[in-house]
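Accompanying notes for the structure given below.
The values are calculated or read from the model by the stated rules, or taken from the named source; none is laboratory data. Note that the structure is a prediction, hence the values are computed from the model and not measured. Cβ: placed from backbone, ideal geometry, glycine included. Neighbour counts: every protein chain shown.
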Amino acid sequence: MTTARTTLPRTRNTTVRPDPRLIPFVIQREGEEAAPDNLRFTPIGGGRYRLRYADEDPRDRDLRGVLWARCGFGPVDDQERPMGRPQWRMMHPLRQRGCMQTLRCQVCAGPARTPLGWIFLAGPNTVDPGDEPVLTNQPPVCPEHAHAAAELCPHLTAEPTVLLALSAPLYGVNGVGYGVRDGNVQVVERPDGPIPYGHPLLSTVLASQMVRRLGVFRLLSLDELFTELESTA
């Protein structure tokens with residue numbers, strides 16, 4: 001698991017409340033459309049195949065070798081932040097992957113680690129600590145943007161469940177399985193949930209989201225989180 005740098009805790013008074021200009025870094029913007037897939041299959045022996053792009057670039061695969069969906073990038077501002085109208089219910093696959101892979105904040109793309117661990121947010125009644133494994137496709141947030149993420153993200157509420165994680169190893173990806181049908185490479189399988197790394201299906205999967213497993217974590221409210229962060233200052 002990639003380790004992000006430890007940052008100083010932020011107090012409740014310094015948290016950023018959302019304004020019309022604040023849009024999470026991972027949100028897809030209008031005009032950032034899926035790129036032509038240009039997909040092919042390569043035999044890898046034993047009757048198995050590997051999905052690839054005809055003009056594949058090393059950046060098309062993640063650290064575990066899984067192929068990722070291509071998506072265009074829109075213009076950025078002078079701070080390299082995406083511009084354009086937000087598509088609120090969609091995360092840009094490569095920005096989501098980047099934040100998830102390096103455990104950076106989904107709002108500002110800065111380091112998300114705190115002295116107490118990483119802050120993951122979940123909607124009401126969506127996490128049962130008794131269910132294993134506990135998975136998330138949502139990158140963490142930094143303390144400064146925890147309130148903003150809760151109020152901006154469609155799947156959350158103003159008082160989300162906070163999962164304060166000491167351990168969040170990579171688990172797998174969300175994606176679709178490809179095969180050959182009527183002589184064409186096309187989607188033949190849509191898994192119900194995340195596909196774990198190491199699964200035999202991954203050689204023919206086109207991923208769109210990276211998923212982590214929350215290994216060691218506590219459930220808190222936002223108020224409880226900031227009280228604990230303040231005590232470490």
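Scanning the stretch 119-160 for residues that are modelled with pLDDT of 90 or more and β-branched (Val, Ile, Thr) turns up Ile119, Val134, Thr136, Val141. Gln209 satisfies every condition listed in (1) surrounded by 13 or more Cβ atoms within 10 Å (Cβ to Cβ); (2) more than 21 Å from the chain's Cα centre (by Cα) except (2).
Matching residues to (1) closer than 21 Å to Leu94 by Cα; (2) in contact with a His (Cβ under 7 Å, 6 or more places away or on another chain); (3) part of a helix (DSSP H, G or I):
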{"residue": "Tyr178", "(1), (2), (3)": "yes, no, no"}
{"residue": "Gln186", "(1), (2), (3)": "no, no, no"}
{"residue": "Asp192", "(1), (2), (3)": "no, no, no"}
{"residue": "Ser208", "(1), (2), (3)": "yes, no, no"}
{"residue": "Arg212", "(1), (2), (3)": "yes, no, no"}
{"residue": "Leu219", "(1), (2), (3)": "no, no, no"}
{"residue": "Glu228", "(1), (2), (3)": "no, no, yes"}
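In the stretch 129-140, which residues are outside any loop (DSSP other than H, G, I, E, B) and surrounded by 20 or more Cβ atoms within 10 Å (Cβ to Cβ)? It would help to see each step written out before you state the result.
Narrowing the stretch 129-140 to residues outside any loop (DSSP other than H, G, I, E, B): 135-136.
Thr136, the sole residue that qualifies.
Of all residue pairs spaced 6 or more apart or on separate chains, those with beta-carbon atoms under 7 Å, a first member in the stretch 180-197 that is closer than 22 Å to Asn38 by Cα and a second member that is surrounded by 12 or more Cβ atoms within 10 Å (Cβ to Cβ) and among the aromatic types (Phe, Trp, Tyr) are Val180/Phe41; Val185/Phe41; Val185/Tyr178; Gln186/Tyr178; Val187/Tyr178; Val188/Tyr178.
Residue check: is Thr136 among the β-branched types (Val, Ile, Thr), touching a Ser or Thr at 6+ places or on another chain (Cβ under 6 Å), within 30 Å of Ser203 (Cβ to Cβ) and in contact (Cβ under 8 Å) with a residue 24 or more places away in the chain? When the stated conditions are applied, Thr136 does not pass them.
Return yes or no: is Val187 touching a Phe, Trp or Tyr at 6+ places or on another chain (Cβ under 9 Å) and more than 16 Å from Ala112 (Cβ to Cβ)? Let's see the steps before the verdict.
Numbers: touching a Phe, Trp or Tyr at 6+ places or on another chain (Cβ under 9 Å): yes; more than 16 Å from Ala112 (Cβ to Cβ): yes.
Yes: the conditions hold for Val187.
Note on the stretch 67-94: among residues that are in contact with a Lys or Arg (Cβ under 7 Å, 6 or more places away or on another chain) and outside any loop (DSSP other than H, G, I, E, B), the one that is nearest to Leu51 (Cα to Cα) is Leu67. Looking only at the stretch 141-157, residues that are farther than 16 Å from Leu219 by Cα and either of a type in the set (Asp, Glu) or not in a helix (DSSP H, G or I) (or both) come to 6 in all.
Entry remark, the stretch 95-119: residues being on the phi < 0 side of the Ramachandran plot and either in a loop (DSSP other than H, G, I, E, B) or more than 11 Å from the chain's Cα centre (by Cα) (or both) number 13 in total. Applying the set (1) touching a residue at least 40 places away in the same chain (Cβ under 8 Å); (2) touching an Asp or Glu at 6+ places or on another chain (Cβ under 7 Å) to Val162 leaves exactly one unmet item: (2).
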